1. If a residue counts only when it is at pLDDT 95 or above and in contact with a Lys or Arg (Cβ under 9 Å, 6 or more places away or on another chain), which helices (runs of 4 or more DSSP H) contained entirely in the stretch 203-312 have at least 2 such residues?
2. Of ARG140, ARG145, which residue is in the same structural domain as PHE55 (by TED's automatic domain parsing) and touching a Leu at 6+ places or on another chain (Cβ under 8 Å)?
3. Since TRP196 meets every condition but one in (1) among the aromatic types (Phe, Trp, Tyr); (2) surrounded by 18 or more Cβ atoms within 10 Å (Cβ to Cβ); (3) within 17 Å of the chain's Cα centre (by Cα), which condition does it not meet?
4. Suppose the filter is out of contact with any Cys (no Cβ under 7 Å at 6 or more places or on another chain), under 24 Å from PRO117 (Cβ atoms) and surrounded by 15 or more Cβ atoms within 10 Å (Cβ to Cβ); does PRO222 pass it?
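The values are calculated or read from the model by the stated rules, or taken from the named source; none is laboratory data. Values in this document were obtained by computation on a predicted structure and should not be read as measured data. Don't worry about glycine lacking a Cβ; one is built from the backbone with ideal geometry, like all the others, and counts go over all protein chains shown.
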Amino acid sequence: MANISCRAERACYKNPLMATPSLFGSLFHSLFLNDFTVLDCAIADRALGICGASFYVSAELFGSLDSKDFLFDFSTAKKALKALVDESCDHKLLIPAGLTAARAGGIQWGQWDYVCPPSALELFEDETITPAAIEAHLARLAPARMPANVSGVKFTLRTPERFLGEANFRYTHGLRYHDGNCQRLFHGHRNPVEVWVGGARAPAWEARLASEWSDAHFVAVPTLLNQNELDLPLGRRRATHTGYAEVSYESSQGKFWGRLPASRVILTSAEPSIETMSALALDVLRDAGLRGHVKVVAYEGLNKGAASSADL
């Protein structure tokens, strides 16, 4: 949640003092890697429920030089830090401390219930999941992956500047046939969306689409267990629905089952991939009255996505 106030203090590390004889006296050494990866995840929020999030991740390493006069080789450092982010938080549901019935194989609170393999969850010490809390969590885990001469790592998460002035939205989905971690039922993203009409951006239509899809969970029809009971429309959100949707499937990582407010669900006839979503966007915009040659650029997170175009 990009705009929530931070309750967790940032992890702070003192730069090691280097007793290196030089014109400068004692030296401080650090190594930085800016935007070395993107973190896509879902966050369990007590007030908002489960929401998607995406951040650029940067890191600064502190320590002393090794026998080769390196703090840490850039290539090796990037691989180690990316593996840390991927294995601890990426494409997982991040759960704050003290949330009702949080457990290794799932979580239950309020209107939400989730049963999944333990690898799809990450439990935090903080009571609220904020960018600062994620930074501190990564900093606590980092030393085990660093060489002895690295005394600490500071992480920085950021969202792109375009979020300040362009339409964007958060969503969650699960892709049961995906070979990797996208198969996890509650993983998510925050991303921009572009609508082009006759070769020009259409900000008003982008805002309309982002509003329609804000905090939605996209679900393939075959995985919705109680569709007959809910009578949800295909490809459209029923924001006033008071029921609860039950979603279930089995993938290569195990069995996933979730219960969530039906008002958050958007049903898709195909797998809820970004390719499906970009095509669905054209249908939504056509029903809303948009005409002409339209192209939708749908992002899955910050740097990747799919585009669909048609004459409406």
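1. By residue number, 203-213, 274-287.
2. So the residue among ARG140, ARG145 that is in the same structural domain as PHE55 (by TED's automatic domain parsing) and touching a Leu at 6+ places or on another chain (Cβ under 8 Å) is ARG145.
3. All conditions are met except number (3).
4. Criteria not met by PRO222.
So that you can scan it fast, the table gives a plain yes or no per residue for (1) surrounded by fewer than 22 Cβ atoms within 10 Å (Cβ to Cβ); (2) at negative phi; (3) modelled with pLDDT under 95; (4) of a type in the set (A, V, I, L, M):
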| site | (1), (2), (3), (4) |
| --- | --- |
| ARG46 | yes, yes, yes, no |
| ALA59 | no, yes, no, yes |
| SER67 | yes, yes, yes, no |
| LYS78 | yes, yes, no, no |
| LEU84 | no, yes, no, yes |
